[in-house]
Structure formats: structure tokens, C-alpha cells
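The values are calculated or read from the model by the stated rules, or taken from the named source; none is laboratory data. Remember, predicted model here, so these are calculated numbers, not experimental data. Quick reminder, even Gly has a Cβ in these numbers, built from the backbone with ideal geometry, and neighbours come from all protein chains shown. In case anyone asks, the SASA skips ligands and DNA or RNA and just uses the protein heavy atoms, side chains included. Shrake-Rupley method; radii C 1.70, N 1.55, O 1.52, S 1.80 Å.
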Amino acid sequence: MKKSLSGISPTVLSLILAASLLAACGSSSQDQGTSAAGATVNATTGATSTAASGSSSIQPSPSAAASQSPAATYIFTDSAGRQVELPKNVKKIAPSGQLAQMVLFALAPDKLVGLSNKWSQDSGTYLDSKYLSLPVFGQFYGSANLNKEALAAAAPEIIIDIGEKKSSIVDDMDSVQKQLGIPTIFIEATLATMSSSYETLGQVLGMPQEAKVLSDYCKEIYTNTTETMKTIGDKKVKVLYSLGDTGTNVIAKGSFHAEVLDLMGDNVAVIDNPSSKGTGNEVSLEQIVQWKPDVILFAPQSFYSKAAADGTWKQMKAIAEGKFYEVPATPYNWLGSPPSINRYIGMVWLSQLLYPDAFHYDMKQEVNRFYKLFYHSKDLTDEQYKSLTQYAVK
């Protein structure tokens with residue numbers, strides 16, 4: 001062997017060694033490309049796994065493979081169990097509805113190509129003006145007024161639906177994705193799981209650090225609320241949430257929109273068939289009198305301003321003792337409509353309103369904190385805070 005090597009000139013030996021190194025590097029790059037192509041993320045667990053060779057995972061495009069660059073897409077398993085091919089570097093997204101719009105706006109306002117619903121008229125007091133002029137595409141559910149042509153023209157890389165898991169969710173997501181040719185995913189999010197939902201969104205949108213800030217906030221408020229309510233036990237305040245021009249629509253106990261109310265108080269509106277709609281159930285005024293709530297919460301622009309002067313309402317204990325309030329609503333109702341991230345500041349408000357001896361929040365500080373985190377507002381002025389909470393605290 002020594003004799004053979006000694007017969008090779010230094011130049012030839014150098015060429016052989018160089019060729020060997022190039023072959024090894026090429027093999028390493030190929031292995032890395034296959035691993036990237038096989039990566040999968042699960043929306044439920046947040047786990048990332050690597051598919052074995054020969055699996056059904058999406059592989060990089062021929063052009064990507066030829067250039068030896070990592071795969072530009074990966075397989076994502078959403079909360080409905082659907083496997084969807086998503087781009088790794090997401091720059092443009094669209095929400096499926098108002099609930100999703102609120103969650104996504106908090107995390108990635110500059111990635112939104114448009115909105116599902118217009119901002120309220122007075123939202124400009126708290127939001128940056130550049131977000132007020134985003135185009136509106138409509139939504140999947142509710143009014144079901146989605147303008148598919150306009151949405152497709154805006155060319156989002158992903159359409160994201162967030163909220164409760166409906167029985168038709170798989171068919172709904174598949175239908176939109178097929179019609180528009182745009183990856184469409186569902187992320188389940190409830191009051192208890194919003195923290196993990198933000199962690200998942202952080203992975204999908206490539207914003208893990210930003211998502212962690214929002215996730216930590218949701219976890220903090222929810223944990224503090226639930227743990228403190230355990231100490232209160234069955235001594236919850238009897239509360240009613242009233243809506244409508246006459247105040248006789250109520251958010252019933254056990255309904256989706258009553259999640260915060262049921263957690264924080266003894267919701268007296270016990271009805272056989274709770275409505276899943278934000279307008280609640282209509283009941284008689286006599287029924288409200290019989291429920292004898294200790295505290296009455298009125299929805300924005302409902303019966304609040306008339307209650308104290310009404311002959312029947314003013315005889316109720318809550319009205320007579322001044323324990324009635326109007327829910328703050330800019331840019332969104334603090335208790336729902338839709339039931340999204342707005343409910344976390346609603347929990348803080350109800351905590352301090354109903355149980356001031358158990359919770360010790362500085363309301364102005366907490367409102368300011370929430371609005372900066374989720375609405376990207378500047379520090380609230382005294383005037384802005386007073387305007388928000390004018391009829392919500394006494």
C-alpha cells in the first residue's frame with residue numbers, strides 16, 4: 001500500500017482528497033434536505049417529528065432539491081386532525097372570522113392581508129391608523145358573508161380559523177381550501193387553552209418569542225382567576241348578564257358565551273335550552289325579577305341608561321343598590337361578542353368588581369397592559385381609561 005501511494009504525485013493526491021470531501025458534503029446536504037422535508041408539527045401537542053423515508057410527507061420541490069436548500073414547506077396537523085402543507089416562512093395571513101381576527105391581530109398584525117370584520121367606529125382611539133384601512137373579506141360563519149374572490153386576490157399564504165371545534169369543522173376547512181387553493185387550518189382555542197393556542201400559532205407564523213408573551217399572559221390571568229375562585233367556592237355573587245333594547249335577553253348559564261360569567265359568578269339565568277348565539281335567550285321581565293340577581297351587567301348600548309328610571313327594574317335589589325354596570329366595548333366587548341382574547345381583560349374586570357377582597361388588581365394598570373399587548377395601543381391616557389370604564393366601575 002505504501003508503495004502505491006508513493007507513486008502518486010502530490011497534485012493527483014490533492015485532487016482525490018478534494019473529490020472525497022465534496023462527496024461527503026453532498027451526502028450530508030441531501031440528508032439534511034430530507035429531514036427538513038419530512039418535518040411535521042401537531043397543533044394539539046405542538047410536537048415536531050421527522051417522517052421516515054418513503055412516508056407520505058410532502059417533499060421539497062424539484063427546484064428546491066436541485067439547489068440543495070432546505071424544504072420550503074412542512075406538514076402541519078391542525079386541531080381538526082387534518083394534515084396540511086404549510087410554508088415555513090409565512091408573511092401573509094387571513095383570518096376566517098372575527099374571533100380569529102382578534103387572536104391573530106394581537107400576534108401578527110403586520111402579516112394580515114385583510115380583516116373578516118370592520119373595526120368599530122371608535123377603535124381608532126386605540127389602534128394604529130394603518131390597521132383601520134385593511135380590506136374586509138367577510139367571514140366563514142355567522143353572517144357567512146365571505147368574499148372568496150377578494151380573499152383569493154389578496155393572496156394570503158395561510159387562512160386560519162380559531163375557536164371552538166364545530167362538528168362540521170373538517171368539511172368546512174377542506175371546502176374553503178379546495179375552492180381557494182390556499183392552505184386553510186383550524187386552531188382550537190377556548191378560555192382554558194388560549195395559552196397553548198398562541199404557542200402553536202407562534203410555530204406556524206415563525207414568531208415563537210412574540211407568541212410566548214401572549215401565551216404567558218393568558219396563562220397568568222386564567223390561572224390566577226381559577227385558583228382564586230376555588231377559594232371562593234360556593235359563595236359566588238349572583239349575577240345576570242342582560243342584553244337588548246328592553247334588557248330582557250340574557251346570556252344563559254352553560255352557553256358558550258357565558259364561559260367567563262359562569263366561571264366568575266353564580267349565573268342566575270338558568271334556562272332549559274341556552275342559545276349559542278351572542279344575542280342570548282329572550283325571557284320575560286317577570287322572570288328576571290324572580291331570579292333576584294345581586295349584580296346586573298348590561299351589554300353595551302342596551303338597557304343600562306334606562307334601568308334606574310324604569311318602574312319595574314328600579315325595584316330590583318341590584319338596581320336599587322346601584323350594583324349594575326355596563327360592559328366596556330371598545331374595540332371589543334370585554335365579555336365576548338365574539339368570545340375571544342377580549343375575555344381575559346373581562347376576567348380581570350369581573351374579578352375586581354365582584355370580589356375586591358380576593359383579587360387585588362390595579363385596574364388602570366391592567367387595562368393599559370392588556371391594550372398594549374393585544375391591541376398594540378400606546379399607553380392609555382387618563383381620559384381614555386375613564387371613557388372605557390365610565391359605567392363599568394363605581
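Here are some notes:
- Remark: region 210-299 carries a charge dipole of roughly 160 debye about the Cα centre, counting +1 on each Lys and Arg Cβ and -1 on each Asp and Glu Cβ.
- Accessible surface computed residue by residue for region 65-146, with neighbouring protein chains in place and a 1.4 Å probe, gives 42 Å² per residue.
- With 0.36 nm allotted per residue and the present C-alpha distance subtracted, the residue 272-residue 147 stretch has 41.3 nm of extension available.
- Applying a threshold of 27 Å to the alpha-carbon distances of 130/372; 130/277; 238/277; 118/148 flags 130/277 as lying beyond it.
- Placing R0 at 22 angstrom, the Cβ-Cβ distance between residue 177 and residue 136 gives a FRET efficiency of 0.55 after rounding to 0.05.
- Among 318, 298, 328 the positive-end extreme of the charge dipole of region 290-337 (Cβ point charges): 318
- From largest to smallest, the equivalent ellipsoid semi-axes obtained for region 69-113 from the alpha-carbon gyration tensor read 22, 16, 7 Å.
- Estimated from the Cβ-Cβ distance and a Förster radius of 35 angstrom, the FRET efficiency linking residue 306 and residue 164 is about 0.55.
- Heavy-atom accessible surface of region 257-394: percent carbon and sulfur, 1.4 Å: 46 percent
- Cα-centred dipole magnitude for region 296-394, charges only on beta-carbon of K, R (+1) and D, E (-1), debye, nearest 20: 140 debye
- Fraction of the pair-distance distribution of region 194-284 above 15 Å, Cα-Cα pairs, percent: 67 percent
- Summarising the strand pairing of region 169-305, around 40 percent of its internal DSSP beta bridges are antiparallel.
- Cα convex hull of region 305-368, projected area averaged across orientations, nm²: 5.4 nm²
- Sequence-distant lysines (8 or more away, or on other chains) whose Cα lies within less than 24 Å of residue 236: 219, 253, 292, 314, 317, 323, 394
- Were the residues from residue 321 through residue 235 laid out at 0.36 nm apart, the gain over their Cα-Cα distance would be 29.0 nm.
- Packing order of peptides 228-237, 115-124, 197-206, 340-349, highest average first: 340-349, 197-206, 115-124, 228-237 (average count of other Cβ atoms within 10 Å over each peptide's residues).
- Length available on full extension from residue 385 to residue 89: 0.36 nm per residue minus the Cα-Cα distance, which gives 102.7 nm.
- Rounded to the nearest 20 debye, dipole of region 224-365 from Cβ charges on Lys, Arg, Asp, Glu: 120 debye
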